[in-house]
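Encoded as structure tokens, the structure appears first; notes follow it.
The values are calculated or read from the model by the stated rules, or taken from the named source; none is laboratory data. Since we're looking at a predicted model, the values are computed, not measured. Virtual Cβ from ideal backbone geometry, glycine too; neighbours counted across all protein chains shown. These area figures cover heavy atoms from the full protein model, side chains too; ligands, DNA and RNA do not enter into them. Shrake-Rupley method; radii C 1.70, N 1.55, O 1.52, S 1.80 Å.
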Amino acid sequence: MNTQSRFPRYMEDQRAFFDQLITDDWADYASQEWDFVRRHEIKRLFELIQPAMILDVGCGCGFHDREMSTYEFVRQVDAIDYSSASIAKADEHYSHEKVKRWVADVRDVSVPSSYDLVASFQVFEHLSDPDAFLARCSDLCRSGGHVAIFTPNRRRLSNIRRWLRFEKAELLDPQHFKEYTTSEIAAMGARHGLPYAYSFGYGMHGVSKVDQMPVERRLRLGELFPFVAHGMCVILKKP
């Protein structure tokens, strides 16, 4: 029985889930295909913005932190996660001199207006109060900086196919509270003083011929057809 099957229902506090997931299912994190996707996420993000000071909220295994720190224009990456096992694994496998990590919730960070970029990778869909999360990200972001939300696209191809069969959209994980569209996150950001700046889609799944393609081609398909891409990034700007 894997970790996912041990936690079949949504939990408000998911620390126990992620502590166990990153400990028992580490091989899933150490995937070459996943690494390729994560590098692509950072590459596309940094084609649009070039931040010096970064906060990664919910850093998980730490791959994104180390990848971001390899860019010359990045001066420092602070990374937090409320899963202590995740922080331990991140420091063990993806340490870097520019990266500082600690166990914390975003509500515990007390350095307002300090970051050029506040980013979260596959965190937003887990939150029962995303408005509070965006408000806190806005507090931590300096004027002229950005908040970047990487999250599954609810209108991805697999869900489009379900809707065509008159079936409900499917969450990718029972620990997801809700999945979103670009316009929904943009509207939410606007409510918290974070107007929409950029967005992009990446990845494609849901049709057998597509699923059999190399990861590079699937990422490209998601960029070409962002409305049905598997993943998306929505970048909001702090005025």
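Shape of region 31-111 from the C-alpha gyration tensor: oblate (a/c of 1.5 or more and a/b not above b/c, with a ≥ b ≥ c the square roots of its eigenvalues). Of the labelled figures (1) 12.5; (2) 14.4; (3) 13.6, only one reflects mean projected area of the Cα convex hull in nm² as derived from the coordinates, namely (1). Between D211 and E47, the contour length at 0.36 nm per residue exceeds the Cα-Cα span by 56.4 nm. In this structure the amide hydrogen of H146, modeled in the peptide plane, comes within under 5 Å of the amide hydrogens of L117, V118, K238, none closer than 5 places in sequence on its chain.
Quick one: length gained pulling Q20 to A104 fully straight, 0.36 nm per residue minus the C-alpha distance?
Values: separation 84, 0.36 × 84 = 30.24 nm, distance 1.75 nm.
Additional length available on full extension: 28.5 nm.
Taking every DSSP bridge with both residues inside the chain, close to 40 percent are antiparallel. Of S31, S208, S86, the residue with the greatest mean-square motion in the GNM of the chain, using alpha carbon springs below 10 Å, is S208. Using 0.36 nm per residue and subtracting the Cα-Cα separation, the extra length available between R75 and M11 on full extension is 19.5 nm. In the full protein context, region 58-107 carries 46 Å² of accessible surface per residue, based on a 1.4 Å probe and ignoring ligands, DNA and RNA.
Here the label points at A169 and V111, each 7 Å from Cα along the C-beta direction, are separated by 3.5 nm in the simple model. The orientation-averaged shadow of the Cα convex hull for region 102-239, equal to a quarter of the hull surface, comes to 9.3 nm².
Derived scalar couplings between HN and Hα for region 48-61 equal 9, 9, 10, x, 9, 10, 10, 10, 9, 9, x, 6, x, 6 Hz in order, rounded to whole Hz, by the Karplus curve 6.51 cos²θ - 1.76 cosθ + 1.60 (θ = phi - 60°), x for Gly and Pro.
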